[in-house]
Amino acid sequence: MRLFGREYRIKGHGNRKYVENLADFINRTADEIQRNTNTVSTLDLAILTLLNVTDELFRTRQVKEETREELKEKTEKLIKAIDRGV
């Protein structure tokens, strides 16, 4: 697997294609950040990529939690409406 132009060997029993997809996602994100910031340092690029990916993860988790809460509230309202109708 290649990350930031370097070859890495990943040992494990996981799905090789999945790990390759992860690396592709990281490399695409890094390429986009490098184009937008003209970052030359590999370390700086890795840190910016890490921050970007982590931000995306946290935002996704937040949306998931908000959706879960919204569904919970709607479910409770539906149950109350059904109980009143019975």
Arrange the peptides 6-16, 20-30 so that the one whose residues have, on average, the most other Cβ atoms within 10 Å appears first. 20-30, 6-16
In the neighborhood of Asn38, defined by Cβ-to-Cβ distances under 13 Å, what is the net charge if each Lys or Arg adds +1 and each Asp or Glu adds -1? -2
Cα long-axis angle, helix 16-37 against the chain (0 to 90 degrees, to the nearest 10): 80
How far apart, in nm, are the 7 Å Cα→Cβ label points at Glu20 and Arg2? 1.3
Tell me, what is a quarter of the convex hull surface for the C-alpha atoms of the chain, in nm² with one decimal? 8.9
Lys74: which lysines have alpha carbons under 25 Å from its alpha carbon, excluding same-chain residues fewer than 8 sequence positions away? Lys64
Ile10 to Val63: extension gain in nm, 0.36 nm per residue of separation minus the Cα-Cα distance? 15.9 nm
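Values quoted throughout were computed directly from the atomic coordinates according to the rules given, and no laboratory measurement underlies them. The structure displayed is predicted, hence computed values, not measured ones. In this analysis, Cβ positions are derived from the backbone assuming ideal geometry, glycine residues included, and neighbour counts consider all displayed protein chains.
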